[in-house]
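Quick notes on the structure that follows.
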Ligand SMILES: Cc1cc2nc3c(=O)[nH]c(=O)nc-3n(C[C@H](O)[C@H](O)[C@H](O)COP(=O)(O)OP(=O)(O)OC[C@H]3O[C@@H](n4cnc5c(N)ncnc54)[C@H](O)[C@@H]3O)c2cc1C
């Protein structure tokens, strides 16, 4: 079959790669000049297989007023006269229950573990370099009550296959001495030894290179899909800035761009851009000043990952700022908090970046046939976990398109 995949972020490229590997002719299209130029460019780098709990958790609504009042809060809300924003927020608020969150976490773990297993297979088979590190992850808590609720989460997740332990402050500092600067504030931590980190941009580029070398694959960059032309219940062409592409099937994997393509077909997916920021800090000569293990400062929702000779720091969820403009007040706030945690780290050479997480209210991606046309498929809405979930999402999509038995239950992602 000839399959046209729209979007060359981490989701589109992994989808195109697995479809090509399973024998299809593939045309991959992207509006930008190369792969991973948008949200997949400089994200937090976490392969967060065991931390897939949705943003819509039971404590979120009560924490929200405090977050909204605090200047350097991890969450900022800009209300808009935008029905889509309010539809999304209402669905998000409805999902903020313990039952919902526990169910979603269990469903997401099936997809994240599938992703991990596929990535490990690829790395065993024919490895490529994207600064992958299997150095474990510490979620550090500043509040004793949060350590207690983390304890419950650890025991729930143990039943679902996660290997995690709760550490005291002294154990945290023994494991990661770079956290000394916040020693006074540490109440405890969860340590997950088998978590990984890597550079999503390098991963996507490497896979893209492999894809380009495969028979039957064309990658057309600088090619914007303006419209999907539907006739007789099927998509017959992708109308692009460089002419038409005709294929037997079409995969919408263009993240934040998916609503614009799907709305004219009568589908308005609840995907909203949750803006976040990152800093990439060169570490030459100052490796001891930053963590070697991936760290999440839970209260501030800041993640730290060592990627090659840099430290990647990512944070913030800004709702209602659907641009990728770098706002100095948010970046200054982030830098202040980083300096408070790692006082010896030199941020003067840090490269700032912002991206929009293409998020559904329940934090679950949509990996599914699209009812609007017989030959249209979706792989969108990966929110804060697109890098973590990419391989599993592509494998699930490929099995669905090939009408093969699926590696996990596809129902939660439809
Ligand atoms: C601050 C931040 C930190 C993050 N940290 C992590 C992390 O630590 N771990 C993790 O797993 N995830 C993380 N994420 C989430 C992750 O980056 C995203 O889920 C992922 O990049 C989404 O990938 P995508 O391919 O769906 O979208 P994108 O990477 O945005 O790719 C979509 C592509 O589609 C193209 N496109 C759009 N419309 C069209 C069109 N009409 N025609 C042609 N092309 C089109 C775009 O040009 C783009 O290249 C983070 C995100 C942010 C913002």
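Listed values, structure above:
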| quantity | calculated |
| --- | --- |
| Residues of region 134-149 satisfying the condition of being at pLDDT 95 or above and not in a loop (DSSP other than H, G, I, E, B) | 137, 138, 139, 140, 141 |
| Qualifying residue in region 111-123 (condition: without any contact (Cβ under 8 Å) to a residue 12 or more places away in the chain and either outside any helix (DSSP H, G or I) or within 14 Å of the ligand (Cβ to nearest atom) (or both)) | no |
| Residues of region 310-323 that turn out to be surrounded by fewer than 17 Cβ atoms within 10 Å (Cβ to Cβ) and at pLDDT 95 or above, as a count | 1 |
| Residue in region 183-198 that is within 23 Å of residue 40 (Cα to Cα), in contact (Cβ under 8 Å) with a residue 60 or more places away in the chain and more than 22 Å from the chain's Cα centre (by Cα) present | no |
| Tally of residues being more than 13 Å from residue 253 (Cβ to Cβ) and out of contact with any helix residue (DSSP H, G or I) (no Cβ under 6 Å at 6 or more places or on another chain) across region 372-399 | 7 |
| Matching residues, region 217-250, being away from the ligand (no atom under 12 Å from the Cβ), assigned to a loop (DSSP other than H, G, I, E, B) and at negative phi | 246, 247, 248 |
| Some residue of region 16-26 being within 9 Å of the ligand (Cβ to nearest atom), more than 21 Å from residue 150 (Cβ to Cβ), crowded, with 24+ Cβ neighbours inside 10 Å and modelled with pLDDT of 95 or more | no |
| Every residue from region 57-87 that is surrounded by 19 or more Cβ atoms within 10 Å (Cβ to Cβ) and within 16 Å of the ligand (Cβ to nearest atom) | 73, 74, 76 |
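Yes/no matrix, rows are residues, columns are (1) closer than 14 Å to residue 73 by Cα; (2) over 18 Å from the mean Cα position of the chain (by Cα):
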| residue | (1), (2) |
| --- | --- |
| 301 | yes, no |
| 320 | no, yes |
| 338 | yes, yes |
| 342 | no, yes |
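The values are calculated or read from the model by the stated rules, or taken from the named source; none is laboratory data. Only a predicted model underlies this, so the values are computations on that prediction, with no experimental measurement involved. Cβ coordinates were reconstructed from backbone atoms using ideal geometry, including for glycine residues, and neighbour counts include every protein chain displayed.
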